[in-house]
Number of protein chains: 4
Amino acid sequence: MIKVGIVGGTGYTGVELLRLLAQHPDVELTAITSRSEAGMPVADMFPSLRRRVNLVFQDPASAGLDQCDVVFFATPHGVAMAQSPQLLAAGTKVIDLAADFRLKSLDEFSKWYKIPHTAPDLLEEAVYGLPELNRKAIASARVIANPGCYATAVQLGFLPLVEAGVADLDHLVANAASGVSGAGRKAEVGSLFAEASDNFKAYGVAGHRHLPEICQGLEQAAGRKVGLTFVPHLLPQIRGILATLYARVSPDIDVQALYEKRFAGEPFVDVMPAGSTPDTRSVRASNMVRIAVHRPQGGDTVVVLVAEDNLVKGAAGQAVQNMNLMFGLEETAGLTHIPVLP
Amino acid sequence: MIKVGIVGGTGYTGVELLRLLAQHPDVELTAITSRSEAGMPVADMFPSLRRRVNLVFQDPASAGLDQCDVVFFATPHGVAMAQSPQLLAAGTKVIDLAADFRLKSLDEFSKWYKIPHTAPDLLEEAVYGLPELNRKAIASARVIANPGCYATAVQLGFLPLVEAGVADLDHLVANAASGVSGAGRKAEVGSLFAEASDNFKAYGVAGHRHLPEICQGLEQAAGRKVGLTFVPHLLPQIRGILATLYARVSPDIDVQALYEKRFAGEPFVDVMPAGSTPDTRSVRASNMVRIAVHRPQGGDTVVVLVAEDNLVKGAAGQAVQNMNLMFGLEETAGLTHIPVLP
Amino acid sequence: MIKVGIVGGTGYTGVELLRLLAQHPDVELTAITSRSEAGMPVADMFPSLRRRVNLVFQDPASAGLDQCDVVFFATPHGVAMAQSPQLLAAGTKVIDLAADFRLKSLDEFSKWYKIPHTAPDLLEEAVYGLPELNRKAIASARVIANPGCYATAVQLGFLPLVEAGVADLDHLVANAASGVSGAGRKAEVGSLFAEASDNFKAYGVAGHRHLPEICQGLEQAAGRKVGLTFVPHLLPQIRGILATLYARVSPDIDVQALYEKRFAGEPFVDVMPAGSTPDTRSVRASNMVRIAVHRPQGGDTVVVLVAEDNLVKGAAGQAVQNMNLMFGLEETAGLTHIPVLP
Amino acid sequence: MIKVGIVGGTGYTGVELLRLLAQHPDVELTAITSRSEAGMPVADMFPSLRRRVNLVFQDPASAGLDQCDVVFFATPHGVAMAQSPQLLAAGTKVIDLAADFRLKSLDEFSKWYKIPHTAPDLLEEAVYGLPELNRKAIASARVIANPGCYATAVQLGFLPLVEAGVADLDHLVANAASGVSGAGRKAEVGSLFAEASDNFKAYGVAGHRHLPEICQGLEQAAGRKVGLTFVPHLLPQIRGILATLYARVSPDIDVQALYEKRFAGEPFVDVMPAGSTPDTRSVRASNMVRIAVHRPQGGDTVVVLVAEDNLVKGAAGQAVQNMNLMFGLEETAGLTHIPVLP
């Protein structure tokens, strides 16, 4: 059994990690920390975990995280880079679900996250935890930068086109929409039910933090700069991201075949039959991503639809998938839940 | 492995059965029938099941249901009583998720369901599948009448009071509210998103079909007639029932202790600490029921809150629980999913 | 034109007042105050008001509220009782949408609101602004205590029974459910979309602040103490309250006739035909209350259903109705909007 | 007073017409027809209209529609083209909210709507009722083709760019999302609450009926062919369309100024300040459209956001606006309702 610790388990990513890890056949949940809630049973905060998770939130100082085999950081950015060096020195691996290790450029990091990076060595060492792109490197990593929710969906959706070099890479468009859980369990007016329900809007049009992350991944795959217009939107639903991607691709390319080949054998990427329109509920509470490709009116614009659960493949599930790879477990261990529909 | 068939798998109860059974360690899904959809892969109708359920809807005539160990009926009422005799004769057990075997009185059945009962012998033999009430009888039953969704919540909530004989049984009040999935996957105007969303209303005030079922159960427990006012409501959410029950109980009765004792050891009934207010999401997609009891201002009226997922403990999950009991499996087998929150 | 000021216009009650008053034929919106947002155009906070409300939030000190004919307080409790004496001295009338003047007993006020009352004289003078109960007194009042949202629905629903003396007043039950806007525009975790959506729960079972207010009104009407069990619930919708009331009433009482007679001529109370089940959307964004009475199975328990928009008849609309009465305007002026459905 | 008739008032467009027209100062609602519901009071079907609309659904044959000044068709396509000639002969004007008169090409009509056109003369005569494009022609029209909901939002959003000739017209992208009310009040599984709630998906990617309508309008404005990729999506909310439009526009064009100038003086188009992100609730239940333009990272791709209430400016409200123009009324008469927020 792998001993697992969680830092910062009071948010939605944290409770989703708890749900997945408590049902994982190879995991022993050892410690969960929260400075503000130290002493409170986890199940008092999240009654869904009553009878299943008996942990109590602990103060980080006394939680014994360095006795764990791996620690997940479900914290705001800035925490993982501060605490990781000590854990790694003790032989504990790290999976950061925040952004501390996602951007390889220190300048880009401080530009988008408004703080200096305090562990540049780890930034270099860290592996970007998108298994469909970096599976081998993940298996031998000590530090994983778990991808952002939008970044996962958009990269997976564009990768086959970018890797094959068949799209106009200067004018990619990613129109994406996320459920409100993506904003976290923070008390903010904009995330109130009476604000977000029965409502839809774009946000972050001038620049969202997942933009440089997406570009970095696509540029690595393309071996050149890409031009991407990325517009996120806020959906009146709890979970789910749908990315609707637009790219110019010469009409003679068989995009359906391209996608089927690229993702053949991937346990968590389902390329649907031509003409499909994946809905977010078809992946609700599961680690699966469903993709469909279209070429409307047979023209030179390809539309790629990507459905993902932002809390699972977009966060906690992908983190567990990375853990499985890092520890030589079955990649799908603990991640086989069938989506909940309706 | 138990060979399982499902009759009528195109509704919400059906797809929920498929989700649970496909993940059940002791089950082999053998056949699923639908006259209207014969030939269609199940996963084409419910993409959430892609890669996990490879069955194709079959015509009932050629599905070989009588080769199964047990058949679940997820059909409108009237179907199970017509097809069960033949299955039973072939040694196949039956679990009916509709109402054919719920009401012991032929008169009550035809009064509430507007059709005559065509299998009165089976009606007598059938066991009402509420494990917390009839666990032993279920274990040896050939035919199970799986309880209604409201009926499960309301009976579980009142049982301790009724069995202990401490409530005014002439004036029980059950105010209950259900998510829209309780109305089934039928194309009806009243269940449209644009009708049911951002809206709340009572319905069936003059008499809902679960009323006689609830009274039958409570009267069996009480050994006398009970007077119950039952008002169901329609919630703007997909899953979940909350029953808010009111009963007059002498102030000297310790209801918290009464409930804890009554349900001690029950794997799927969680009596919460005094003062709790269970929410429906704390049981979402799980077979757990959570109950809290209150005595506002220390008066003579007790309030019992019961949260249930109407598709799981209120339908498919309870049916699987009954199957487990009938076949001597672990009662919780295939039913240990942690609720999905948020 | 009546000059109107609003104190504290940044919440849902405030923006609803603005919507109604900006369309009121006899009103001139003169000032709106917010200490925290002074200087910001109202329409920057609420884009729905662009081109229609040109006011800028002002600091209370310089807003000239005492030049208004009437000031609405859409503030937390405690504010109106502090600022009203000065306004009244200047000849400005006051309508408080919070609780400062609702409870006649100083002890009850400090027990439920945890602060001492600083204007006991005004408490005595203030008129409880439920027009269907106190129309005449409202017309000549200087200070109005605008009723709570639940309190409006529950009192209107019970009044005919209580006034007629035909119900068992010791065991009234009020099961009520409200949309999330009732919790206000405060950044609190419990009101987040990802917490409140697809979810239903009771709260405040041990004692909600509207309980003493309801009892005070019913006791005034009954001329005796009443025993009420009041359980509020939180609905996954923005607007709307449905109160489902239970009372024991002798079977020989024609409750339908009783209600029709009691509310005959009331402009904002619609007693629906027997058998109706009013839904909250049938009053959405309007000042109308719809009521239906039932006697299930002809028994001795009567069920009264009351649908209300908590922000209109439960708050801002009723406040405008009170203003209309106080200034001798048509009672329905500015309140004739047809409900928005769907 | 203008005498108004409505054909087919049992859908969402119909009830919205009723809400608007019943509050219109210059309108007398004279007749409403429904073959299936003849004899039923309108307010029995839509309780929101109780006390405000006393009409009874009439059989079309006996409704006296030809006595009206204008008749609105809120029917499936095919009805208006069959009944209009007779009405026009009687001097009654026609506003069709369906698609019968939208596409000028008979071939395109029969290609997209699968029926032959039976009134080609009227097709030629009919004026496309987008006031911001055709105000003058509308004023003198006898037959109005009221635009589609998506078509209104997308055309308004692209018009300034297209008219100014500053965009790459071969590669326009319109990503749009609509509330479920856009699917009408038809009993279909896909529109059920339990299907559409907490869910998001694209649909009609291969070709939606509003595509040729949008292209026709843009091509008229451009004087040349345009290439448009249009992907509609289904939102889990009742009302509201948000169109997110992408176009390549040379960086030296000041798009903010272009839009402000184009829509200056328009009563129902609100060009918001640079950087704004209009949300659908900011126009809920109103005839206003809000537009914001962005140029992310100062690049060559412009993003235009358009928020609209699909039932008002996207259907009934625009129809009333057209009526106002046709009869020389104030263009905003009956359409001044402030949006309902929250």
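Every number here is computed from the coordinates shown, using simple stated rules; none is lab data. Every value quoted in this text rests on a predicted model; they were computed, and no experiment measured them. Here the Cβ is made from the backbone with ideal geometry for all residues, glycine too, and neighbour counts use every protein chain on show.
When the helices of chain C are scored as -39500 (n - 2.57) per DSSP H run of n ≥ 4 and the total is divided over every residue, the value at 222 nm lands at -8500 deg cm²/dmol.
I'd like the orientation of helix A:317-326 relative to chain A: the angle between its Cα long axis and the longest Cα principal axis, in ° from 0 to 90, rounded to 10. So the inclination is approximately 80 degrees. For residue C:163 and residue A:187, what is the calculated FRET efficiency with R₀ set at 41 Å and r taken between the beta-carbons, to the nearest 0.05? Using R0 = 41 Å, I get an efficiency of 0.40. Taking a point 7 Å from the Cα of residue D:332 along the Cα-to-Cβ direction, the residues of segment C:26-48 with backbone N closer than 17 Å to it are C:26-29, C:43, C:47-48. Neighbour counts of other Cβ atoms within 10 Å put D:32, A:115, D:6 in the fewest-to-most order A:115, D:32, D:6.
Considering every Cα-Cα pair within segment B:2-125, what fraction, in whole percent, is farther apart than 23 Å? Distances greater than 23 Å cover 31 percent of the Cα pairs.
Which of these, B:317, B:184, B:14, has the largest mean-square fluctuation under a Gaussian network model of chain B (Cα springs below 10 Å)? With Cα springs under 10 Å in chain B, the top fluctuation among B:317, B:184, B:14 is at B:184.
Computed 3J(HN,Hα) for segment D:294-304, one whole-Hz value per residue from the Karplus formula 6.51 cos²θ - 1.76 cosθ + 1.60 where θ = phi - 60°, is 9, 9, x, 6, x, x, 9, 10, 9, 10, 10, glycine and proline marked x. For segment C:249-342, the Cα-based Rg and Dmax, in that order, read 14.9, 47 Å. Inter-label distance, residue A:67 to residue B:82: 6.4 nm, where each label sits 7 Å from its Cα along the C-beta direction.
Database remark: amide H of residue A:77 closer than 5 angstrom to the amide H of A:99 (H placed geometrically; neighbours at sequence offset of 5 or more, or on other chains; Pro and chain starts carry no H).
With contacts taken as Cα pairs under 8 Å and at least 6 residues apart, segment B:2-125 reaches a relative contact order of 23 percent. With the simple spin-label model, which puts each label point 7 Å out from Cα in the Cβ direction, the residue A:254 to residue B:23 separation comes to 3.7 nm. Entry note, chain C: relative contact order of 17 percent, from Cα contacts under 8 Å with a spacing of 6+ residues. Of the residues D:18, C:122, the one with the fewest other Cβ atoms within 10 Å heads the list, and the complete ranking is C:122, D:18. Note on residue C:297/residue B:297: beta-carbon distance plugged into 1/(1 + (r/R0)^6) with R0 of 25 Å gives a FRET efficiency of 0.25.
For segment B:70-80, the Karplus equation 6.51 cos²θ - 1.76 cosθ + 1.60, evaluated at θ = phi - 60°, returns couplings of 8, 10, 9, 9, 10, 10, x, 4, x, 7, 4 Hz by residue, with Gly and Pro reported as x. Between residue B:2 and B:27, B:28, the built amide H atoms are under 5 Å apart, and every one of these is 5 or more places off in sequence or on another chain. Diffusion coefficient (Stokes-Einstein, Kirkwood radius over C-alpha pairs, 10 °C, 1.306 mPa s) for segment D:196-288: 99 µm²/s, rounded to a whole number. The mean number of partner chain beta-carbon atoms within 10 angstrom of a residue's beta-carbon across peptide C:39-49 is 4. For the protein assembly as shown, the share of DSSP beta bridges that are antiparallel, to the nearest 5, is 45%. For chain B, the convex hull drawn through the C-alpha positions has a volume of 137 cubic angstrom per residue.
Model label sites at residue B:90 and residue A:224, defined 7 Å from Cα along the beta-carbon direction, differ in position by 6.4 nm.
Sequence-ordered 3J(HN,Hα) estimates for segment B:94-104 from the Karplus curve with 6.51, -1.76 and 1.60 and θ = phi - 60° stand at 10, 10, 9, 7, 8, 9, 4, 10, 7, 8, 6 Hz, glycine and proline given as x.
Return one quarter of the surface area of the convex hull spanned by the alpha-carbon atoms of the protein assembly as shown, equal to its mean projected area, in nm². The Cα convex hull of the protein assembly as shown, projected and averaged over all directions, gives 49.5 nm². For residue C:192, the amide hydrogen comes within under 5 Å of the amide hydrogens of A:193, counting only partners 5 or more places away or on other chains and with H modelled in the peptide plane. Across all directions, the shadow cast by the convex hull of segment A:149-309 built on its C-alpha atoms averages 9.6 square nanometres.
Name the residue, out of D:303, D:269, D:205, whose mean-square fluctuation peaks in a Gaussian network model built on chain D with Cα pairs under 10 Å. Ranking D:303, D:269, D:205 by mean-square fluctuation puts D:205 first.
Distance from the axis that maps chain C onto chain B is least for the Cβ of the chain C residue given, with the whole Å value, as C:175, 2.
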